[in-house]
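First up is the structure itself, then whatever we jot down about it.
Read the figures in this text as sums done on the coordinates, not as results from a lab. These numbers come from a predicted model, not from an experiment. Using ideal geometry, Cβ is built from the backbone for each residue, glycine included, and neighbour counts are taken over all protein chains shown.
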Amino acid sequence: QSFKLLGFLDVQSVPCARESVLYGSVGSLVIGLGYFLATSRVRRSCDFAVGGFICTMLGYWFYCRYDLAQHKIRQRMLKEGMRNKLLLEGSSLDPERKQSSSERGDS
């Protein structure tokens, strides 16, 4: 079951959207309630809550997307390394074979 935020952002299918909204809601509650307890100004604390929601949501969104991109890059490098290992294993271009043969020659 999909949930659309603002009518167009499908929270279930977009990576990091769900967590961003959840962390933004918690940030909004903490900042708004904290400001209200400190000053007892209702309207201003609501303004701070909305600002806290936006800042927390966008902050976590960018962090999560950056982390996701880094994860994909590491995954691609690992996949390529495994493919090269399978292709070069046992051939004359195998770096492990050269190392082990040079170690045997030195002994």
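Here the dipole of the range 15-86 is about 340 debye; that uses its Cα centre as origin and unit charges on the Cβ of Lys and Arg (positive) and Asp and Glu (negative). Once the Kirkwood radius over Cα pairs is known for the range 15-86, the Stokes-Einstein relation at 20 °C and 1.002 mPa s delivers a diffusion coefficient of 152 µm²/s.
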